[in-house]
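Novice: Before I ask anything, let me first share the structure, which is written out below as structure tokens.
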Amino acid sequence: MDKPHVRKLQMYEAVLVYLELKNAIWTASTIFNAEVNALKAGIIQIKEKDRINKKSNDATQGKKQKRDAMIKATSKICDAGVAYADSIDDAELRGKFDFSPKDLEEGNVEIVIARCRQIATDAIPVALGLKDWGLPTEYLAVQSATVDAFELASPKGKEIVTTGKSTNKEMNAEFKVVDTHLKRRLDKLVNGYQDAAPDFVTEYYDKRFIGGRKKKVVPPTPPTPPIV
């Protein structure tokens, strides 16, 4: 949730807390009770959608980290593979490993995963030769684990991210609903207490101001002219 939305949500909550604190003033009004409950429901909806949105952001970050780990591990195999193939002057073998990190990332998720798996498969028959060029034999298992981790995260991560994008739109819409609700209904109900409870109305609007009570700006006192 961005900062303006955070501040707006804090304002909603401050208004709700104040209204509940002063419920003795309005509790006899069935309509007022219904509108306060509507405000409470709106706040709950926003918080739930924000929770889902945060989960989406976490999934996006987690998926990226797994992808980066897979590309890094595969690049290490490629470096050793190219060096080994060049040392034995095997152009065909070199072609199987001649991928930069950018090359490895080309294509959709399925293509990238298949490419990384194929590179590991091609490395198995020459694992001893790759060892001489700085690639431990057990590293193939390490790379395979990174591919498995990214593949496992991809379908689920995509679903969560898609849900998160949709939920973010819904959350923005809910903010508009609550804003309209406050402006057109609760504000009007509170205005009805101008005569019976003026302090209640004043404090309510203090809470409606995002950031808290507005401070009056006092102009500086002009200097006193010297006595001649």
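Novice: At 1.4 Å probe radius, can you tell me the per residue accessible area of segment 83-151 in Å²?
Specialist: Here the residues of segment 83-151 average 58 Å² of exposed surface.
Novice: Within the accessible area of segment 1-118, what % is carbon and sulfur when the probe is 1.4 Å and the other protein chains stay in place?
Specialist: Accessible surface attributable to carbon and sulfur in segment 1-118 totals 52 percent.
Novice: May I ask for the equivalent-ellipsoid semi-axes of segment 1-51, computed as the square root of five times each C-alpha gyration tensor eigenvalue and listed largest first in whole Å?
Specialist: 24, 12, 6
Novice: Test of the criteria: in segment 68-154, which GluC sites (Glu not before Pro) are in a DSSP loop and have at most 12 other Cβ atoms within 10 angstrom of their Cβ?
Specialist: Sparse-neighbourhood loop GluC sites (Glu not before Pro): E106, E138.
Novice: Please report, in debye to the nearest 20, how large the charge dipole of segment 1-102 is about its Cα centre when each Lys and Arg carries +1 at its beta carbon and each Asp and Glu carries -1 there.
Specialist: Here the size comes out at about 460 debye.
Novice: Would you be so kind as to identify which of N23, G42, I52 lies farthest towards the positive end of the dipole of segment 1-79, taking Lys and Arg as +1 and Asp and Glu as -1 on Cβ and the Cα centre as origin?
Specialist: Working it through, the farthest residue towards the positive pole turns out to be I52.
Novice: Express the accessible area of segment 1-68 per residue in Å², computed with a 1.4 Å probe while the remaining protein chains stay in the model.
Specialist: For segment 1-68, the per-residue accessible area is 59 Å².
Novice: Another one. Give K22/K47; K8/K63; K76/K131; K169/K207; K8/K183 a once-over and call out the pairs whose C-alpha atoms are over 20 Å from each other.
Specialist: K22/K47; K8/K63; K169/K207
The values are calculated or read from the model by the stated rules, or taken from the named source; none is laboratory data. All values reported here derive from a predicted model rather than from experimental measurement. Positions of Cβ are generated from backbone atoms using ideal geometry, with glycine treated the same way; all protein chains shown enter the neighbour counts. For accessibility, only protein heavy atoms count, side chains too; no ligands or nucleic acids. Shrake-Rupley method; radii C 1.70, N 1.55, O 1.52, S 1.80 Å.
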